[in-house]
1. Restricting attention to the stretch 200-223, which residues are surrounded by 13 or more Cβ atoms within 10 Å (Cβ to Cβ), charged (D, E, K, R) and out of contact with any Phe, Trp or Tyr (no Cβ under 9 Å at 6 or more places or on another chain)?
2. Residue 44: in contact with a His (Cβ under 6 Å, 6 or more places away or on another chain) and open to solvent by 30 Å² or more (accessible area, probe 1.4 Å), yes or no?
3. Give me a count of the residues in the stretch 159-183 that are within 17 Å of residue 61 (Cβ to Cβ) and modelled with pLDDT of 60 or more.
4. Taking residue 115 as meeting all but one of (1) hydroxyl-bearing (Ser, Thr, Tyr); (2) part of a loop (DSSP other than H, G, I, E, B); (3) modelled with pLDDT under 95, write down the number of the exception.
5. With the structure loaded, tell me whether residue 152 is open to solvent by less than 30 Å² (accessible area, probe 1.4 Å), closer than 17 Å to residue 266 by Cβ, at pLDDT 90 or above and not acidic (Asp, Glu) or whether it fails that test.
6. Which residue is modelled with the lowest pLDDT, if the candidates are limited to the stretch 184-199 and must be closer than 18 Å to residue 240 by Cα, open to solvent by less than 50 Å² (accessible area, probe 1.4 Å) and touching a helix residue (DSSP H, G or I) at 6+ places or on another chain (Cβ under 6 Å)?
7. How many of the residues in the stretch 250-272 are under 27 Å from residue 60 (Cβ atoms) and surrounded by fewer than 17 Cβ atoms within 10 Å (Cβ to Cβ)?
8. Can you find even one residue in the stretch 224-242 that is at negative phi, open to solvent by less than 20 Å² (accessible area, probe 1.4 Å), more than 18 Å from the chain's Cα centre (by Cα) and small (Gly, Ala, Ser)?
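The values are calculated or read from the model by the stated rules, or taken from the named source; none is laboratory data. No experiment lies behind these values; they were computed from the predicted model shown. Neighbour counts run over all protein chains shown; Cβ positions are idealised from the backbone, glycine included. For accessibility, only protein heavy atoms count, side chains too; no ligands or nucleic acids. Shrake-Rupley method; radii C 1.70, N 1.55, O 1.52, S 1.80 Å.
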Amino acid sequence: MSVQILIDSTADLSREEAEQLGIRIVPLTVHFGDRQYIDKFTITDEEFYGMLNTEAEMPTTTQVSPQSFLDVYAEYPDDEIVGIYISQKLSGTYQSAVIAKEECGRSDVYPIDSTTVSAGATLLVREAIRLRDEGKSGKEIAEYITELTKHVEMLAVFNTMKYLVKGGRLSSTKGTIGNLLGIKPIIRVKDGVLEVIGKERGMKKACDFVVRHLRELPDFDSSMPIAYSHSFNQQDLDALKQELGEGQTLLMGSVVGTHAGPGAILVGYFRK
């Protein structure tokens, strides 16, 4: 019996990379009015951000349905299945995976709430792949990754707060901070909760804040990898990587980009 690793599309791995790693993407969807697109499959990242800049109507997103998970589970009747999904505080996708597990009655399906998204989730996925390749069982992988979710965090710098506020991920009161004099809030994502921990004028100073914050963390786990994701802001990302070091770099897809907007940067890391 082998182990099949499932992720949803908000982990922001490309389809090509997922195929190379031997994992399966179960996608969310994004909507512009009555037009529906499957994240990573029927809309490219470039197409999405082009539409984000030109469409008058703000996009919305839809979680993965229980039936979609049931259909995927049925494709692997003889494999253990470990699923790593966007925080249940940010989406109902994880709950759909749990419902599907209950409906199919399988004890070898292990849905995991990553407590994070994008760069943070990919860090957990990479660890799950490492354990799978070492020959660990699905149960062993799920237990280890579930424990690891207590240690993963992410810092985010947004070029605009408009999309988080419109999507209901941040209150309008907090969101107005980002509209004042070019101020960029720095947000920490921990246990699925978004919290503004600082604000700086301009992206450069905001990225400098991220560097200082991580260097001053007493329990930053330098033995573990870090990861980055961005929504077409290569210049600020490169400057940040020069300070913090190399790590896997992702391009935010249409679902994460719906809430992050253009120009955002995320850094995922572990604490001891």
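1. Once the filter is applied, which keeps residues that are surrounded by 13 or more Cβ atoms within 10 Å (Cβ to Cβ), charged (D, E, K, R) and out of contact with any Phe, Trp or Tyr (no Cβ under 9 Å at 6 or more places or on another chain), the stretch 200-223 yields 204, 205, 208.
2. Working: in contact with a His (Cβ under 6 Å, 6 or more places away or on another chain): no; open to solvent by 30 Å² or more (accessible area, probe 1.4 Å): yes.
Judged against the criteria, residue 44 is not a match.
3. Matching residues across the stretch 159-183 total 5.
4. With respect to (1) hydroxyl-bearing (Ser, Thr, Tyr); (2) part of a loop (DSSP other than H, G, I, E, B); (3) modelled with pLDDT under 95, residue 115 is out only on (3).
5. Details: open to solvent by less than 30 Å² (accessible area, probe 1.4 Å): yes; closer than 17 Å to residue 266 by Cβ: yes; at pLDDT 90 or above: yes; not acidic (Asp, Glu): yes.
So residue 152 passes the test.
6. That would be 185.
7. At the first step, the residues of the stretch 250-272 found to be under 27 Å from residue 60 (Cβ atoms) are 250-268.
Those still in the list that are surrounded by fewer than 17 Cβ atoms within 10 Å (Cβ to Cβ) too: none.
Total satisfying the criteria: 0.
8. no
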